[in-house]
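Have a look at the structure below, then the notes.
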Amino acid sequence: MKKVVLLAVNAKYTHSSLAVWIIAEGIAEFSEYQHDVNIVEATVNQSVHEISASIIRYNPDVIGISSYIWNAGILPDLIKTLRSSLPGSIIVLGGPEASSNIDFWLNNGANHVLQGEGEYNFPGFLDGLAFQEDKHEKKGTAENADPEHVINPYTEKYLSSLNGRLSYIEASRGCMYRCSFCLSASTGIKYFPLDFVKSQILTLSKANTKTVKFVDRTFNCDPDRACELFTYVTELDTPVTFHFEIVADLFDDRIFSVLRTAPPGRIQFEIGLQSFHEPSLKAVSRNPDPYKAECNIRKLIKMQNIHIHIDLIAGLPYETLSDFKKGFDRAYFLGAHNLQLGFLKVLHGSVMRKQADDFGIEYSSFPPYEVTSTTWLTVDDIEIIKTAENALQHTYNKKRFLSALHYVLSVTGESPFNLMYMLGKSAPNHGVQLEDYILNIYDFFIKLPGVEKNTLSDCLLYDWLCMVKGKNTPGFMKNYDERRKRVAGCAEKFLCRTLRREEVTVLNSGIGIFVDSNDRDPVTGLYRVYICR
């Protein structure tokens, strides 16, 4: 028997790990020896000392670590500390980061790096170690781990560990697409049985979690399976939200008819557009139909019951700053609830890493290996995009100042990208309280041509009520008009309760507005605001 610790270092506390729990269950089901397995979940925000202390207390024989780009930066120091504190322990790494960069990790303290599916190969590895110490016992082998047998990681211990955190599930493994920047490119797809997946969904729908995220690289690559599972989660009686990564151009009328019946907030979609620039898409072996995808995204948004998150990647081959701006503006005007602007990651083991020199792509040598320049994007161009991304993240993507953004774009005729870039330069937001940030926003917007003071102030007042709960209106926007009392009376009659002072105000236009801070839209995350004329 071996004493084992399986370590997951998550990006945030609100995240949980699926991999370590699957491997633990694989050990329980497939190992011919009984092993003492403990799971430690930590975050990258913890110190190496704190994480190592949580492992050392078990005095393990074997430490298994799941490696990804988000935790690869902390792992060398962690391994060094563990090697010093537990010199007799065997450190084994798995996961996409280590298995694609084996020599580096073997030269930085790891004893072994395992490739492939951990729930099938780790049990045999442990049994091999146990056999070396006990010649009278039958040696366990990886052949005992039947890859056709599906592991269910959702044990009582797992469910009790969630504590409201995001949980993960997979209905399939692998990908049919050939995107050169992705490690899952053309790995083939292994589908898990539908009845098994449904039983797991049902378990998680009753668990202590708010969101269940499918880790399938392209959930709807098989439209029939996707339609059946969309139907299943739509019909569940649960408050849980289910998050899917999908390709928008594969949707058809049948799937739309199912999605229209989903309770608001039940489903979230993450849609990887990556780019609208066709030479770039071709260069990275993506072949979607961007026009069909755009049309389908608009249909999804118009339904108003599904949260839509779309992704763009900066730094792709053949895409200049001008090309990227055009794609950003096109994506922005789709009206998705979140527009994530990411930067190309040149991952170990990816086709893109082999092609980087051909495309003149420079990138950081440290995780997450982010692009720093290309033949088509200079270092300064990247900095411009990062400035725009910073403003986007602190406004649009946090559901802040949406009506003010809409108003300013409409009267100035400015493009979304340029507005975000100018805002990022002019209105600092790092470590700034929201009450101060809204003043920075106001000071920047009011100087733009065509922006009228009272209208801008009204938009910001409306936005404040939508996005903030329990905070008074910032001082520069307060009003003490007698009409406010009349609006409050109207609002209390409508809501059948007493309103707090911060829930009602009168705009400069004379229109009264009030917010129901007990009623948050499950799709947008904003509080509902009503007009009282």
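The values are calculated or read from the model by the stated rules, or taken from the named source; none is laboratory data. Since this is a predicted model, take the numbers as computed values, not measurements. For neighbour counting, all protein chains shown are included, and Cβ atoms are generated from backbone atoms with ideal geometry for every residue, glycine included.
Within segment 238-262, being farther than 13 Å from residue 296 by Cα, free of Cβ contacts under 8 Å to residues at least 40 places away in the same chain and among the aliphatic types (A, V, I, L, M) holds for 240, 258.
Output yes when any residue across segment 452-460 is hydroxyl-bearing (Ser, Thr, Tyr), under 26 Å from residue 505 (Cα atoms) and either touching an Asp or Glu at 6+ places or on another chain (Cβ under 8 Å) or in the same structural domain as residue 528 (by TED's automatic domain parsing) (or both), and no when none is. Checked against the condition, which is being hydroxyl-bearing (Ser, Thr, Tyr), under 26 Å from residue 505 (Cα atoms) and either touching an Asp or Glu at 6+ places or on another chain (Cβ under 8 Å) or in the same structural domain as residue 528 (by TED's automatic domain parsing) (or both), segment 452-460 yields no hits at all. Restricting 390, 418, 454 to those that are part of a helix (DSSP H, G or I) and over 26 Å from residue 308 (Cβ atoms) reduces the list to 454. Considering only residues in segment 236-266 that are among the polar types (S, T, N, Q) and surrounded by fewer than 16 Cβ atoms within 10 Å (Cβ to Cβ), the one that is nearest to residue 168 (Cα to Cα) turns out to be 261. Quick check on residue 249: is it of a type in the set (Asp, Glu) and in contact with a strand residue (DSSP E or B) (Cβ under 6 Å, 6 or more places away or on another chain)? When the stated conditions are applied, residue 249 does not pass them.
Only one of the numbered conditions (1) surrounded by fewer than 20 Cβ atoms within 10 Å (Cβ to Cβ); (2) part of a loop (DSSP other than H, G, I, E, B); (3) out of contact with any Gly (no Cβ under 8 Å at 6 or more places or on another chain) is not met by residue 17, and that is (1).
So, residue 269, is that one out of contact with any Asp or Glu (no Cβ under 9 Å at 6 or more places or on another chain) and either farther than 30 Å from residue 236 by Cβ or crowded, with 22+ Cβ neighbours inside 10 Å (or both) or not?
no
Of the listed requirements (1) closer than 22 Å to residue 392 by Cα; (2) assigned to a helix (DSSP H, G or I), residue 476 misses just one: (1).
Here's the yes/no breakdown for (1) of a type in the set (Phe, Trp, Tyr); (2) part of a helix (DSSP H, G or I); (3) at pLDDT below 95:
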{"residue": "33", "(1), (2), (3)": "yes, no, yes"}
{"residue": "37", "(1), (2), (3)": "no, no, no"}
{"residue": "52", "(1), (2), (3)": "no, yes, no"}
{"residue": "55", "(1), (2), (3)": "no, yes, no"}
{"residue": "64", "(1), (2), (3)": "no, no, no"}
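Looking only at segment 484-505, decide whether some residue is within 35 Å of the chain's Cα centre (by Cα), over 25 Å from residue 397 (Cβ atoms) and among the aliphatic types (A, V, I, L, M). Within segment 484-505, one or more residues are within 35 Å of the chain's Cα centre (by Cα), over 25 Å from residue 397 (Cβ atoms) and among the aliphatic types (A, V, I, L, M). For segment 171-185, a residue qualifies if it is farther than 18 Å from residue 223 by Cα, touching a strand residue (DSSP E or B) at 6+ places or on another chain (Cβ under 7 Å) and among the polar types (S, T, N, Q), and exactly one does: 184.
Residue pairs whose Cβ atoms lie under 8 Å apart, sitting 6 or more positions apart in sequence or on different chains, and linking a residue in segment 160-177 that is outside the structural domain of residue 23 (by TED's automatic domain parsing) to a partner that is at pLDDT below 90 and among the hydrophobic types (A, V, I, L, M, F, W, C), are 175/185; 177/185. Against the conditions (1) in contact with a Phe, Trp or Tyr (Cβ under 6 Å, 6 or more places away or on another chain); (2) in contact (Cβ under 8 Å) with a residue 60 or more places away in the chain; (3) not in a helix (DSSP H, G or I), residue 325 satisfies every one except (3).
Between 406, 394, 430, the distinction of being in contact with a Lys or Arg (Cβ under 8 Å, 6 or more places away or on another chain), on the phi < 0 side of the Ramachandran plot and not β-branched (Val, Ile, Thr) belongs to 394 only.
Just need a number here: residues in segment 237-271 that are aliphatic (A, V, I, L, M), out of contact with any Pro (no Cβ under 9 Å at 6 or more places or on another chain) and in a loop (DSSP other than H, G, I, E, B).
Taking segment 237-271 as the starting set, the residues that turn out to be aliphatic (A, V, I, L, M) are 240, 246-248, 250, 255, 258-259, 262, 267, 271.
Cutting the leftovers down to out of contact with any Pro (no Cβ under 9 Å at 6 or more places or on another chain) gives us 240, 246, 258-259, 262, 267, 271.
With in a loop (DSSP other than H, G, I, E, B) added as a condition, the list becomes 240, 262.
Adding up the residues that qualify gives 2.
On the phi < 0 side of the Ramachandran plot, touching a residue at least 40 places away in the same chain (Cβ under 8 Å) and surrounded by 20 or more Cβ atoms within 10 Å (Cβ to Cβ): does that describe residue 218? Yes; evaluated as a whole, the condition is true for this residue. I'm checking my understanding of the structure. Among residues of segment 89-109 that are without any contact (Cβ under 8 Å) to a residue 40 or more places away in the chain and in a loop (DSSP other than H, G, I, E, B), which one is surrounded by the most Cβ atoms within 10 Å (Cβ to Cβ)? The extreme case among them is 89.
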